[in-house]
Amino acid sequence: MPTRYRSGIAGPTTFFLTTMLREWRKLFESPRVRDEVEDILFHTSATTSTALIAYCIMLDHVHLIAGHGEGGPGISRMMQQFKSLVSHKLFPDLHGIWVPRFDDVVLTTESIFLTKINYVHENPVRAGLVVEATLWKWSSARFWLQDEEKGPLTKSREWTHRAAARQARAPGVHADSPLRNSGNDRRNYITHSVSQAPSPGAPADSPMRDSGETQRDRRTHD
């Protein structure tokens, strides 16, 4: 299972992150604006020593998979800087464009890692914006599926493996735990799309249409 509560997580860790615009306002509808949001994301990742592993900029929310050597506190600083720069540089006349805080999941297994990457990249397809993930310019799909270099992106799994090792040492985790099962997930990710079951009431491209989690499990943190 993924792990939450990032404030208490120290050390190198990989996160699945979602941040949303208030009232699902489609402020990123313009390709020019998405270009600028992407530039800010790349800049913020570099200046905060964040490993940017995957991302997708949608019309009203952003998904990221990112690692930070300081764990929760480090990823929080990165997200605060990213959201602040987008607000002040692109929408200086608008107040409070973002939903406060952001959602996070710590990725502790190879299976969860690859499932979340697939989920991020398939967002524009599920929303009907493109027919395949690599046609959406504002994501890391081409980097992962076609090895196209882009910005500061990395395919490092190091921090996911470290988080898995920490959790595997915790009481109650056994040898047959999913933490120890990576199998052929890389091959399966490349050749198949992970099935996503929609959540009632959420927009087509909503981050609430997540895979492997229920609405009961999802929480938002500082």
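The values are calculated or read from the model by the stated rules, or taken from the named source; none is laboratory data. Quick caveat: nothing in here was measured; it's all calculated off a predicted structure. Quick reminder, even Gly has a Cβ in these numbers, built from the backbone with ideal geometry, and neighbours come from all protein chains shown. Heavy atoms of the whole protein, side chains included, go into the accessibility calculation; ligands, DNA and RNA do not. Shrake-Rupley method; radii C 1.70, N 1.55, O 1.52, S 1.80 Å.
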State which residue pairs qualify: first residue of a type in the set (A, V, I, L, M, F, W, C) and inside segment 39-53, second residue open to solvent by 70 Å² or more (accessible area, probe 1.4 Å) in any location, beta carbons under 8 Å apart, and separation of 6 or more residues or different chains. Ile40/Lys89
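Looking at Glu122, is it closer than 27 Å to Leu135 by Cβ and either out of contact with any Pro (no Cβ under 6 Å at 6 or more places or on another chain) or crowded, with 23+ Cβ neighbours inside 10 Å (or both)? First the steps, then the outcome.
Numbers: closer than 27 Å to Leu135 by Cβ: yes; either out of contact with any Pro (no Cβ under 6 Å at 6 or more places or on another chain) or crowded, with 23+ Cβ neighbours inside 10 Å (or both): yes.
Taking the combined requirement at face value, the residue satisfies it.
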Could you tell me whether Ser84 is at pLDDT 95 or above, in a helix (DSSP H, G or I) and open to solvent by 10 Å² or more (accessible area, probe 1.4 Å)? yes
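Sort through Lys150, Lys116 and tell me the only one that's touching a Ser or Thr at 6+ places or on another chain (Cβ under 9 Å), assigned to a loop (DSSP other than H, G, I, E, B), surrounded by 14 or more Cβ atoms within 10 Å (Cβ to Cβ) and modelled with pLDDT of 80 or more.
Values: Lys116 fails: assigned to a loop (DSSP other than H, G, I, E, B).
After applying the criteria, what remains is Lys150.
Among Ser49, Ser45, which is the only one that is open to solvent by less than 10 Å² (accessible area, probe 1.4 Å), in contact with a strand residue (DSSP E or B) (Cβ under 8 Å, 6 or more places away or on another chain) and closer than 20 Å to Thr154 by Cα? Write out each step before concluding.
Numbers: Ser49 fails: open to solvent by less than 10 Å² (accessible area, probe 1.4 Å).
Going through Ser49, Ser45 in turn, the sole match is Ser45.
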List pairs: first in segment 89-107 and open to solvent by 30 Å² or more (accessible area, probe 1.4 Å), second in a strand (DSSP E or B) and at pLDDT below 95, Cβ under 7 Å, 6+ apart or cross-chain? Arg101/His221
